[in-house]
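First comes the structure, then the notes that go with it.
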Amino acid sequence: MEILNYKINYEYDSDLYTVTAKTNKGRTFTYTFSENHTLKEIRYTLEEIAKQLDI
């Protein structure tokens, strides 16, 4: 999996982050999450999404 891009949407009460990534087989996907998650959680989730898309 490769991270291609990210975007931060600043809101009054919380920020939203959107990551665009590419799977090992070249499929592009996006994932949006709040600031309440750790980087480890986000990495794990992105890797799981990429695995499912490559099946």
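Every read-out reported here was derived from the displayed coordinates using simple, explicitly stated rules and does not represent laboratory data. Small disclaimer: the values here were computed from a predicted structure and weren't measured. For neighbour counting, all protein chains shown are included, and Cβ atoms are generated from backbone atoms with ideal geometry for every residue, glycine included.
Only one residue of S34, T45, Y17 has its Cα farthest out toward the positive end of the dipole of the chain, where Lys and Arg carry +1 and Asp and Glu -1 on Cβ, and that residue is T45.
Taking label points 7 Å from Cα along the Cα-to-Cβ direction, E35 and L53 give a separation of 2.6 nm. Dipole magnitude for the chain: about 380 debye, using +1 per Lys or Arg Cβ and -1 per Asp or Glu Cβ, origin at the Cα centre.
Between helix 39-54 and the chain there is an angle of about 40 degrees, using the helix long axis and the longest principal axis of the Cα atoms.
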